[in-house]
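Student: One structure, pasted below without further comment.
The values are calculated or read from the model by the stated rules, or taken from the named source; none is laboratory data. Since the structure is predicted, the reported quantities are computational estimates derived from the model, not experimental observations. Reconstructed Cβ throughout: ideal geometry from the backbone, glycine too, with neighbour counts over all protein chains shown.
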Protein chains: 2
Amino acid sequence: MPDICLLGTGGMLPLRDRFLTSLYYEHNGRAVLIDCGEGTQVAAAAHGVKLSRIECIFITHSHGDHIFGLPGLLSSISNTGRTEELRIFAPRSCIPVINALANITGGLPYPVSAQPLDEDRESDIPLTFIDPLLTVRTLPLSHRVPCLGYCIELRKKPVFEPERARELGVPVEYWKALHSGQSVTLPGGAVIAPGQVTGSQREPVKVVYTTDTLPLPEIAGFAENADLFICEGMYGLPEKKPSLDEKRHMLMQDACSLAHDAGAKRLWLTHFSPAEKEPEIYEKALKRIFPGVRISSDGERITL
Amino acid sequence: MPDICLLGTGGMLPLRDRFLTSLYYEHNGRAVLIDCGEGTQVAAAAHGVKLSRIECIFITHSHGDHIFGLPGLLSSISNTGRTEELRIFAPRSCIPVINALANITGGLPYPVSAQPLDEDRESDIPLTFIDPLLTVRTLPLSHRVPCLGYCIELRKKPVFEPERARELGVPVEYWKALHSGQSVTLPGGAVIAPGQVTGSQREPVKVVYTTDTLPLPEIAGFAENADLFICEGMYGLPEKKPSLDEKRHMLMQDACSLAHDAGAKRLWLTHFSPAEKEPEIYEKALKRIFPGVRISSDGERITL
């Protein structure tokens, strides 16, 4: 089951006690990072996250608070002995700046490949290089520059039912293949399909990450039934709405409404303005919109 | 008199409680920054340093722990309303990476000019755009890439002697020009030179910053009589010497010997290896080599 750590919860500027928003998602010892602002490597070290486990990085958009930590992080990953390719997925128009940030390191002992993502339509990126059951889906958001939301989905195998396998006379050595979704041919010639020995499909574990954006109604569909929905909440004061509309961000209240509409299991708010010194003061009122809301703090963790 | 703040004391990696080595030097409300590793803008904010006062930046060399904070710092300076040019001085071979780091910000509301410095000989850079009395001198160091040491010298005006001015019949309105070093012609035609109304020259205030380098003997000459000598001290254990020779760094003991040979007034050690968790344990022993040594910590300050 995935282990999730929100490395930072700040927007715009890194602060001494609040690093910039970045998500670490680990499954079976291999990890995905989303966003990498200045100081992300420090936050990773502070929260005991091993850089050697990062297999790929997703970038939401090209603003500095989401990318300026890349040169330092990539350099520090060099010290882990990595030689395999590291993929950085980002909206297509970000690719030149991603390449520039990687080149600034002056050469790494492993290849970095910047992989462009469509900015105007949803797409699926199967993370087969980590696990065949892991996929990232994208959603175009509405910010001042092209920006993507990400949904990390970990499919669960259906439950294997040994009684049914025994009834059908399937020897134990075929069980693993059947449970992985492959049909098998028994020595006597009978073909057994996976569905004959497994229970019904189970819901995938779904983690959704959307920042920085206007509160588009599509986000609720994207985050439908999410086990964990992580969303920006720049400010808690409704008076800030006009300035957020202009800068294409959202209020904490907007995020709570989206979580409610999505039927999400839990919502972590993040990407707080540096002017919001104590975002936790809004939590009680926000629970009236969406009871599963949490004002995150750096190092927030969960195993789903 | 200059106010000095060592924003960080770390080498190689920024840590949660130890930012990367960077020096802030302020004189009459205008400042020089030396080096800018990842997180320097956070350290500046933590120590109450105003980014709006930074008039120029000097970079010692192109390694990430001295430059990766530039995109974030330059972006944050945008928020101070700056429109005037900001100069970044660096060894000639660093200029492409400095320009790349500035370009990554995606455009700033003020011009940045990267100014190349000779890498193989000493040079003087008069900081007349800050104060005619302020000069930076360089010293080529010996690291794995071209690297420069810096000496910030603030000349002091000689003491003005009003009695002598009165004896010579110099009206008060000419005193300021004479004290600033200009000759004046009195209404009667007599020419008065500054030396006729001022006392002897005074020693400049001298701050020297050298990291990362082998302990070259030239450094002692460069730091001669320095009011403040700031020097790297990667490790305190003499067993580390062979590895430091290979990586072209120095021991804390080497820095103390240089400070002794220089006749410096005080030495601040910095650029500690992340492996040196408690560098202060060495201080007592180091004082036997140079009594004016101090194991710096982040935010170390002095007014000279």
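Student: With of a type in the set (V, I, T), surrounded by 20 or more Cβ atoms within 10 Å (Cβ to Cβ), assigned by TED's automatic domain parsing to the domain that holds B:E55 and in a loop (DSSP other than H, G, I, E, B) as the only criterion, which of B:T138, B:T213 stands out? Give the derivation first.
Tutor: Details: B:T138 fails: in a loop (DSSP other than H, G, I, E, B).
Of the residues listed, the single one that is of a type in the set (V, I, T), surrounded by 20 or more Cβ atoms within 10 Å (Cβ to Cβ), assigned by TED's automatic domain parsing to the domain that holds B:E55 and in a loop (DSSP other than H, G, I, E, B) is B:T213.
Student: Among the residues of segment B:95-103, is any over 19 Å from the mean Cα position of the chain (by Cα), within 11 Å of another protein chain (Cβ to nearest Cβ) and under 26 Å from B:R18 (Cβ atoms)?
Tutor: Within segment B:95-103, one or more residues are over 19 Å from the mean Cα position of the chain (by Cα), within 11 Å of another protein chain (Cβ to nearest Cβ) and under 26 Å from B:R18 (Cβ atoms).
Student: Can you find even one residue in segment A:105-122 that is free of Cβ contacts under 8 Å to residues at least 12 places away in the same chain, within 14 Å of chain B (Cβ to nearest Cβ), out of contact with any Cys (no Cβ under 9 Å at 6 or more places or on another chain) and surrounded by fewer than 20 Cβ atoms within 10 Å (Cβ to Cβ)?
Tutor: Filtering segment A:105-122 down to residues free of Cβ contacts under 8 Å to residues at least 12 places away in the same chain leaves A:106-107.
In the following step, the residues that additionally are within 14 Å of chain B (Cβ to nearest Cβ) were identified as A:106-107.
Within this subset, residues satisfying the condition of being out of contact with any Cys (no Cβ under 9 Å at 6 or more places or on another chain) are A:106-107.
Of the ones still in play, those that are also surrounded by fewer than 20 Cβ atoms within 10 Å (Cβ to Cβ) are A:106-107.
Yes.
Student: Considering only residues of segment A:71-94 that are basic (K, R) and outside any helix (DSSP H, G or I), which is nearest to the other protein chains (Cβ to nearest Cβ)? Steps first, please.
Tutor: Our first condition is that a residue be basic (K, R); within segment A:71-94, this holds for A:82, A:87, A:92.
From what is left, the residues that are outside any helix (DSSP H, G or I) are A:82, A:87.
Values: A:R82: 16, A:R87: 20 Å.
Once the filter is applied, the top-ranked residue is A:R82.
Student: Cβ-Cβ under 6 Å, sequence separation 6+ or interchain: first residue in segment A:51-71 and under 15 Å from A:G10 (Cβ atoms), partner modelled with pLDDT of 95 or more and among the polar types (S, T, N, Q). Which pairs?
Tutor: Every condition considered, the pairs that remain are A:G64/B:S75; A:H66/A:T60; A:G69/A:T40.
Student: Now for a different question. Going by the conditions given, is A:G188 free of Cβ contacts under 8 Å to residues at least 24 places away in the same chain and under 28 Å from B:F68 (Cβ atoms)?
Tutor: Judged against the criteria, A:G188 is not a match.
Student: Additional query: Could you grab me the full set of residues in segment B:103-152 that are among the aliphatic types (A, V, I, L, M) and closer than 30 Å to B:M250 by Cβ?
Tutor: Pass one, segment B:103-152, residues among the aliphatic types (A, V, I, L, M): B:104, B:108, B:112, B:114, B:117, B:125, B:127, B:130, B:133-134, B:136, B:139, B:141, B:145, B:148, B:152.
B:A114, B:L117, B:I125, B:L127, B:L134, B:V136, B:L139, B:L141, B:V145, B:L148, B:I152 - these are the residues of segment B:103-152 that are among the aliphatic types (A, V, I, L, M) and closer than 30 Å to B:M250 by Cβ.
Student: Continuing with the same structure: Tally up the residues in segment A:163-210 that are in a helix (DSSP H, G or I) and not polar (S, T, N, Q), please. Don't jump to the end; show me each part of the working.
Tutor: Of all residues in segment A:163-210, those in a helix (DSSP H, G or I) come to A:163-167, A:172-179, A:194-196.
With the extra rule that they be not polar (S, T, N, Q), the set shrinks to A:163-167, A:172-179, A:194-195.
Adding up the residues that qualify gives 15.
Student: Here is a further query. Got a sec? Which of A:F58, A:F68 is aromatic (F, W, Y), surrounded by 21 or more Cβ atoms within 10 Å (Cβ to Cβ) and within 9 Å of another protein chain (Cβ to nearest Cβ)? It would help to see each step written out before you state the result.
Tutor: Details: A:F58 fails: within 9 Å of another protein chain (Cβ to nearest Cβ).
A:F68 is the lone residue from the list that is aromatic (F, W, Y), surrounded by 21 or more Cβ atoms within 10 Å (Cβ to Cβ) and within 9 Å of another protein chain (Cβ to nearest Cβ).
Student: Mind listing just one residue for me: the one in segment A:36-55 that is facing chain B (nearest Cβ under 9 Å) and small (G, A, S) and, of those, farthest from B:R16 (Cα to Cα)?
Tutor: Looking at residues that are facing chain B (nearest Cβ under 9 Å) and small (G, A, S), I get A:G37.
Student: Of the numbered conditions (1) outside the structural domain of B:R266 (by TED's automatic domain parsing); (2) within 24 Å of B:C231 (Cβ to Cβ), B:I125 satisfies every one except a single condition; which is it?
Tutor: B:I125 satisfies every listed condition except (1).
Student: Residue check: is B:V145 part of a loop (DSSP other than H, G, I, E, B), within 11 Å of chain A (Cβ to nearest Cβ) and in contact (Cβ under 8 Å) with a residue 24 or more places away in the chain? Full working, then the answer.
Tutor: Details: part of a loop (DSSP other than H, G, I, E, B): yes; within 11 Å of chain A (Cβ to nearest Cβ): yes; in contact (Cβ under 8 Å) with a residue 24 or more places away in the chain: yes.
So B:V145 passes the test.
Student: Could you check how many residues of segment B:257-298 are in a loop (DSSP other than H, G, I, E, B) and more than 20 Å from B:K206 (Cα to Cα)?
Tutor: Final tally of qualifying residues: 12.
Student: Do we find a residue being more than 18 Å from A:T21 (Cβ to Cβ), surrounded by 13 or more Cβ atoms within 10 Å (Cβ to Cβ) and within 20 Å of the chain's Cα centre (by Cα) anywhere in segment A:268-291?
Tutor: No.
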